[in-house]
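Asks: Can you read through this structure? Questions will come right after.
The values are calculated or read from the model by the stated rules, or taken from the named source; none is laboratory data. It should be emphasised that the depicted structure is a prediction, and the values quoted were computed from it without experimental measurement. With ideal geometry, Cβ positions are generated from the backbone for all residues, glycine too; neighbour counts draw on all protein chains shown. Areas reflect the complete protein model, heavy atoms only, side chains present, ligands, DNA and RNA absent. Shrake-Rupley method; radii C 1.70, N 1.55, O 1.52, S 1.80 Å.
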Amino acid sequence: MAGERTTAEVLALGLYGLLMRVLTPFMLAKCWWRGRHEPAYRERWLERLGFGPRQEGGWIWLHAVSLGETRAAEPLIRALRVANPGMKLLLTCSTATGWEAGQAMLEAGDAHAWLPFDTPGAVRRFLKRFRPRLGLLMETEVWPNLVHACRSRGIELMLANARLSEKSLRSALRLSWWALPAYQALAMVWPQTDADARRYTRLGVKFMLTMGNLKYDQQPDAGLLAQGQTLKERLPKPVLMLASSRQG
């Protein structure tokens, strides 16, 4: 889905890229700080800058930023494997919890990496390193440099299980010089609801198909369901459960 950018888009993207370069040392410092309690943040640092061993191309790339998005991606990954026997999955994450959950979804021949910071150089190195066939971003992860770099290389980039709140819509419209070209450069958006689709329409997204929420397509572990039924029969009172929680 390659296309020419307007002069205004080029200037806006240049200013944004400069800002991201300035912020890179602070983002690295934040990763180091979070690594005090979650050691994964202090591992494979160079991937945050797009560096790493060169890989063979042809990946189906899926980005799930954190734990919730990674778990929601599980039924999509299963469907992709059925539709593409022997596919090579590149799974990228941005948080330690997402990384841990993603490890369980990998098969032989798959790859796992940190998504690079959204600087022009880091994105360029990442795409040159893996050369994916196509990209799937989960839910809300639209990064301008990443989207435009994929578009310029003819890599179709889709937003799956997409959601957009009214607050996020207002922010995107307020920063329209930065946000609108990125959203409009996506090859396809699959919103969760009709309300999400209407909000994406206001951002100028044209290619959409409402698909519902992938989280409802997950298959609970049969052993856990059996344990839950056993507990339900034994406990006389209702039980409050905290889901998707983590220590700290």
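Asks: Are there any helices (runs of 4 or more DSSP H) wholly within the stretch 153-248 with 3 or more residues that are closer than 28 Å to Leu13 by Cβ and more than 18 Å from the chain's Cα centre (by Cα), and if so which? Break it down into steps so the answer makes sense when it comes.
Replies: Details: elements: 166-174, 176-184, 194-202, 222-234.
Qualifying helices (runs of 4 or more DSSP H): 166-174, 176-184, 194-202.
Asks: Let me ask another. Being over 30 Å from Arg54 (Cβ atoms), touching a helix residue (DSSP H, G or I) at 6+ places or on another chain (Cβ under 6 Å) and free of Cβ contacts under 8 Å to residues at least 40 places away in the same chain, is that true of even one residue in the stretch 207-228?
Replies: Initially, the stretch 207-228 is screened for residues over 30 Å from Arg54 (Cβ atoms), giving 207-228.
Within this subset, residues satisfying the condition of being touching a helix residue (DSSP H, G or I) at 6+ places or on another chain (Cβ under 6 Å) are 208, 210, 214-215, 217-218.
If we keep only those that are free of Cβ contacts under 8 Å to residues at least 40 places away in the same chain as well, we get 208, 210.
Yes, the conditions are met somewhere in the stretch 207-228.
Asks: Also, I was wondering about something else. Is it true that Arg5 is closer than 22 Å to Pro181 by Cα, open to solvent by 30 Å² or more (accessible area, probe 1.4 Å) and modelled with pLDDT of 95 or more?
Replies: Working: closer than 22 Å to Pro181 by Cα: yes; open to solvent by 30 Å² or more (accessible area, probe 1.4 Å): yes; modelled with pLDDT of 95 or more: no.
Spelling it out, it is not the case that Arg5 is closer than 22 Å to Pro181 by Cα, open to solvent by 30 Å² or more (accessible area, probe 1.4 Å) and modelled with pLDDT of 95 or more.
Asks: Cβ contacts < 9 Å: first residue touching a residue at least 60 places away in the same chain (Cβ under 8 Å) and small (Gly, Ala, Ser), restricted to the stretch 139-151; second residue part of a helix (DSSP H, G or I) and surrounded by fewer than 21 Cβ atoms within 10 Å (Cβ to Cβ), any location; separation 6+ or different chain. Result?
Replies: none
Asks: Here are the criteria: (1) modelled with pLDDT of 95 or more; (2) assigned to a helix (DSSP H, G or I); (3) open to solvent by 50 Å² or more (accessible area, probe 1.4 Å). Tell me which single one Phe51 does not satisfy.
Replies: Unmet condition: (2).
Asks: For Thr97, are the conditions met, namely being within 19 Å of the chain's Cα centre (by Cα), open to solvent by less than 30 Å² (accessible area, probe 1.4 Å), at pLDDT below 95 and at negative phi?
Replies: Criteria met by Thr97.
Asks: Could you identify the single residue in Leu106, Leu91, Leu136 that is open to solvent by 30 Å² or more (accessible area, probe 1.4 Å) and not polar (S, T, N, Q)?
Replies: On the way: Leu91 fails: open to solvent by 30 Å² or more (accessible area, probe 1.4 Å); Leu136 fails: open to solvent by 30 Å² or more (accessible area, probe 1.4 Å).
Among Leu106, Leu91, Leu136, only Leu106 is open to solvent by 30 Å² or more (accessible area, probe 1.4 Å) and not polar (S, T, N, Q).
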